[in-house]
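Below: the structure, in structure tokens.
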Amino acid sequence: MTPTPVRIGLLGCGNVGAALVGLVRDRAAEIEARTGLALEVTRVAVRSLARDRDVELDEGVLTTDADAVATSPDVDVVVEVIGGIEPARELIVAALRAGKPVVTANKELLANLGPELFVEADGAGLDLLFEAAVAGGIPLMRPLRESLVGEDITRVMGIVNGTTNFILTRMAESGASYAEALAEAQSLGYAERDPTADVEGYDAGAKAAIIATIAFGSRVVAGDVYHEGISNITPADLDFARQLGFVVKLLAVAERVEGPDGPEVGVRVHPAMVPAAHPLASVRDSFNAVFIEGASVGDLMFYGRGAGGGPTASAVLGDVIDAAANLRRGHGASLGTLAKATLRSIDELETAYYLNLEVADLPGVLATVAGVFGAHGVSIRSMEQEGLGEGARLVFITHRAVERDLQATLHELRDLDVVGRIVSVLRVVGADEG
Ligand SMILES: NC(=O)c1ccc[n+]([C@@H]2O[C@H](COP(=O)([O-])OP(=O)(O)OC[C@H]3O[C@@H](n4cnc5c(N)ncnc54)[C@H](OP(=O)(O)O)[C@@H]3O)[C@@H](O)[C@H]2O)c1
């Protein structure tokens, strides 16, 4: 078979781009033998030609003219690994309009403007592939788009931010405070100097929007996702969780629930208590995992490295080969119409809760507190009483309750004289949540 040349135009040559250049060089011969596609990186656009780069590129390959790379007649597939909204968006549009399939790792762009880019790609009959945008090296988008496209997926729960998983693991296993664990993550290069996007759940929220869009075939954008981060989690929370048989994880949860007028989609990111026996509980350090619940297939879990140049470039390379094979066939894959999702707001979502209250050590307190739960329709699944005198605590786990009812319960509990302080409240996910 005569090999089909595939000339890759690379936009960006940082962590991911440089790893992709090396991977293409190392794997090209075997990829050609297995697919008949002869990959070569022929053009690379960067911001600065002066920067030292740890990649071998032929003379003249590197340029600062990204638009010329995106539209070059000498490029068959465009890879966007610049990041951010602009100029990434306009370069992707320019490449598609010039008849080139695009592979991107850009979660920020896809979570905000993905639907408009998918329409552009669909209109051109070209691929816009983005396996690397969610959970780095873990194959997730293609299984959702292809293997599971016929499945009735009810819920997807992911640990999709390695930084926060590393911090929570260190806090749980070494008793470090949040600040200490964050400093360690920063010193190891797992966390940025400004860690807000990771620790406050924005990064996981962007990935949750993309997951929900692909899992449920309906449009969800980053602004639709409710998010809470991990900066208020204390070692005491993790210790209580452990005593009750749980671990605390930052979860991205996308679920489809039946609404009065048809299916609704709820998407949220927050710390959650996960039973120690649940597969997600064993995902430690900076690893990622995504747990999928389907009506027919049952439970599935995908696990691996959610970031890093090598793992992310591996996902990009798989997409490049897919896009090139589809180009040879003459048509890219489609994501379908992607109607806007009907969203279920966090107030309406149901989950179980863990509550830890400091209370007065007096007769009748338990009955008073339990009465407040009952008045708001929040039913108690288990209760433990801990400590005496000043340190007396009541620890509750509820059955599934509507968020609004739980918030009303907390509001009333705060006003009770016998409740000194609400020490912590966490959602409980993945238990038998009935
Ligand atoms: N790193 C990961 O682990 C990871 C994981 C999953 C997804 N991603 C996604 O992959 C993308 C790239 O991430 P990265 O870590 O590789 O970023 P990075 O190391 O910051 O690299 C960005 C590259 O883009 C180039 N660039 C910036 N503005 C440009 C412009 N206007 N025109 C041409 N080139 C420009 C930079 O050029 P200079 O080299 O000259 O500065 C640099 O080579 C992002 O969307 C990120 O979210 C990354």
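The values are calculated or read from the model by the stated rules, or taken from the named source; none is laboratory data. Note that the structure is a prediction, hence the values are computed from the model and not measured. FYI the Cβ positions are ideal-geometry reconstructions off the backbone, even for glycines, and counts take in every protein chain you see. Quick note on the areas: whole protein, heavy atoms, side chains included, nothing else; ligands and nucleic acids left out. Shrake-Rupley method; radii C 1.70, N 1.55, O 1.52, S 1.80 Å.
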### Query
Out of (1) more than 8 Å from the ligand (Cβ to nearest atom); (2) under 16 Å from the mean Cα position of the chain (by Cα); (3) outside any helix (DSSP H, G or I), what's the single condition that is false for residue 114?
(3)
### Task
Check off (1) open to solvent by 10 Å² or more (accessible area, probe 1.4 Å); (2) over 22 Å from the mean Cα position of the chain (by Cα) for residue 101 and give me the number that stays unchecked.
(1)
### Query
Considering 127, 198, which residue is buried (at least 20 other Cβ atoms within 10 Å of the Cβ) and without any contact (Cβ under 8 Å) to a residue 60 or more places away in the chain?
198
### Near pairs, Cβ below 7 angstrom, 6+ apart or cross-chain, from region 62-82 (of a type in the set (Gly, Ala, Ser)) to any residue that is in a helix (DSSP H, G or I)
66/91; 70/91; 70/94; 70/95
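For every residue, the table says whether it meets (1) among the small types (Gly, Ala, Ser); (2) out of contact with any helix residue (DSSP H, G or I) (no Cβ under 6 Å at 6 or more places or on another chain); (3) over 30 Å from residue 205 (Cα atoms).
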| position | (1), (2), (3) |
| --- | --- |
| 346 | no, no, no |
| 355 | no, yes, no |
| 358 | no, yes, yes |
| 382 | yes, yes, yes |
| 389 | yes, yes, yes |
| 393 | no, yes, yes |
### Query
If we scan region 34-43, do we find a residue that is under 14 Å from residue 8 (Cβ atoms), within 11 Å of the ligand (Cβ to nearest atom) and open to solvent by less than 50 Å² (accessible area, probe 1.4 Å)?
no
### Task
Filter region 268-302 down to the residues that are β-branched (Val, Ile, Thr) and in a strand (DSSP E or B), then identify the one that is farthest from residue 152 (Cα to Cα).
274
### Task
Among the residues of region 265-291, count how many are open to solvent by 30 Å² or more (accessible area, probe 1.4 Å), over 14 Å from the mean Cα position of the chain (by Cα) and in contact (Cβ under 8 Å) with a residue 40 or more places away in the chain.
2
#### Entry: Residues of region 54-88 satisfying the condition of being open to solvent by 60 Å² or more (accessible area, probe 1.4 Å) and under 31 Å from the mean Cα position of the chain (by Cα)
54, 67, 82, 86
#### Entry: Candidate set: region 176-192, residues that are open to solvent by less than 50 Å² (accessible area, probe 1.4 Å) and out of contact with any Asp or Glu (no Cβ under 8 Å at 6 or more places or on another chain); chosen: the one farthest from residue 233 (Cα to Cα)
185
#### Entry: Subset of region 313-344 [modelled with pLDDT under 95, part of a loop (DSSP other than H, G, I, E, B) and open to solvent by 20 Å² or more (accessible area, probe 1.4 Å)]
330, 331, 333, 334, 335, 336, 337
